[in-house]
Amino acid sequence: MRNLLPQRRKTREVAVGPWIIGGEHPIRVQSMTSTDTADIEATVDQIQALWNAGCEIVRLTVDTPKAARALPEIRKRCAGIPLVADIHYNHRLALESAPYVDKIRINPGNIGGMENVRAVVERANEFGLPIRIGVNNGSLERDIALKYGAHVRDHILTPPEEGYPPEALVESALRNVEMLESLHFYRIIISVKSSNVPLMVQAYRQLSAACDYPLHLGVTEAGTKDSSNIKSSIGIGALLLEGIGDTLRVSIAARSTPDKIEEVRTGFRILQALGLRSYGVEVVACPTCGREDQGFDTTRIAREIEQRTAHITAPVKVSVMGCYVNGPGEAAEADLGVVASGKTARIYREGRLILEQVPFGEVTSKMIELIENFAAEKRG
Ligand code: SF4
């Protein structure tokens, strides 16, 4: 695909396990487990399922000492998979997690003062770990929240009715950055997520202009699958179209492993739609019209191919065209293309005709066989 995107924003390079985040390195797709981390079996199963679906960094909550104690075994059984410990408030859990993960997500501003921040930084240095500062509405420091319109009702800090402005998220993120920088710590990645898409987009824009640390993009609390896919595609996509963003996570409100895998697929699909990464089987199908050859069901074939090849992560571009009018042209741009041609179909590989007179009833199974072989060749 011709690259029509603006120059990607230049960011510092920060290592997370085997990956470099930032600079000109690929935009990595992350997800987060929904299991109780202390349940080692369930957590390991989900981490491995995410990894097999192409997820490149897996975050897991470390919310209790029991969860922290599970990490050595999880690390052992998930060797080679970049893991992130997600920690709130309790800096001791970060100290315990550090030997077994590749990154720590923690907000220095809410772990009880500079002594605790210093301890986390020393531990991160000991293991060469980066820290992600993950700001969202709920993590705003009290004074910043009050400055940007929050009020106290029955001793509870209540956000302004119109919501916080993007400046609040950015100010909080930069304050957390300053705390780390004051200890000469620079392996920093930042996120300023919100469930409000325009707010999140503005916050990342402002943050991007204010510092050059790599940015982790996401729309938080984006809802269940359909809602999240739309919100994430708009929010993350808008930023990527401006060259902003170095890693991303699509958040779907769901516990099941298949839904978690959907986070990964959507993340890659967003990148794929912008020509930034390739992932899995991408089916280009014509919208069909009165010209569609009788007996050839473009929609059903495309859908079945999508469903039955969803497990493939190697990039394969497939086209399904309902008649000969635009068929060969589309097929020439695909790895594998099928074109209805009268009463039978023709199949192309990388623009070359490889099969003729394929009965319509055999098209789906033939295409799936060819796609699987193509993907296996790509994996080498
Ligand atoms: S490829 Fe043929 S059937 Fe499909 S939309 Fe175009 S003209 Fe119609």
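Could you tell me the largest-minus-smallest coordinate of the C-alpha atoms of region 237-380 on each of the three principal axes, in descending order and whole angstroms?
Reported extents, whole Å, longest axis first: 47, 33, 32.
How large is Rg/Rh for the chain, to two decimals, with Cα atoms and a Kirkwood Rh? Please list the in-between numbers first.
Details: Rg = 23.5 Å, Rh = 22.5 Å.
In the chain, Rg relative to Rh is 1.04.
How large is the dipole of the chain about the Cα centre if only Lys and Arg carry +1 and Asp and Glu carry -1, each at its Cβ, rounded to the nearest 20 debye? Before the final figure, lay out each step's value.
Details: 45 positive and 47 negative charges, 82 e Å.
In debye, rounded to 20, the chain gives about 400.
Stretch Asn125-Ser227 to full length: gain in nm at 0.36 nm per residue minus the Cα-Cα span?
Values: separation 102, 0.36 × 102 = 36.72 nm, distance 3.93 nm.
Between Asn125 and Ser227, full extension yields 32.8 nm more.
Which order, highest average first, do 316-323, 353-360, 291-298 follow once you tally other Cβ atoms within 10 Å for each residue and take the mean per peptide?
Highest to lowest by the protection proxy: 316-323, 291-298, 353-360.
Using modelled backbone amide H atoms (1.01 Å from N, in-plane), which distant-in-sequence or interchain residues come within less than 5 Å of Thr11's amide H?
Under 5 Å from the amide H of Thr11: Gly23.
What translational D, rounded to a whole number of µm²/s, comes out for region 14-68 from Stokes-Einstein when the hydrodynamic radius is the Kirkwood one over Cα pairs, at 4 °C and 1.567 mPa s? Walk me through the intermediate numbers first.
Values: Rh = 12.3 Å.
Roughly 105 µm²/s, to the nearest whole number.
What distance in nm separates the two pseudo spin-label positions at Gln357 and Asn52, each 7 Å out from Cα along the beta-carbon direction?
Calculated label separation equals 4.2 nm.
Between Lys76 and Tyr89, what length in nm is gained on full extension when 0.36 nm per residue of separation is reduced by their alpha carbon distance? If you can, show how the numbers build up before the last one.
On the way: separation 13, 0.36 × 13 = 4.68 nm, distance 2.65 nm.
Difference between extended and current length: 2.0 nm.
What is the antiparallel percent of DSSP beta bridges lying wholly in the chain, to the nearest 5?
Details: 17 of 50 bridges.
Roughly 35 percent of the DSSP beta bridges within the chain come out antiparallel.
Can you pull the one-decimal nm distance between simple spin-label points at Leu183 and Leu241, each 7 Å off the Cα toward Cβ?
Distance between label points: 4.0 nm.
Going down the table (Lys103/Lys378; Lys147/Lys193; Lys10/Lys225), which pairs top 29 Å between alpha carbons?
Exceeds cut-off: Lys103/Lys378; Lys10/Lys225.
Label points 7 Å out from Cα along the Cβ direction at Arg379 and Lys147: separation in nm?
5.2 nm
Read-outs throughout are calculated quantities, based only on the coordinates presented, and are distinct from any laboratory measurement. Please read all numbers here as calculations on a predicted model, not as lab measurements. Every residue, glycine among them, receives a Cβ derived from its backbone with ideal geometry; neighbour counts consider all protein chains shown.
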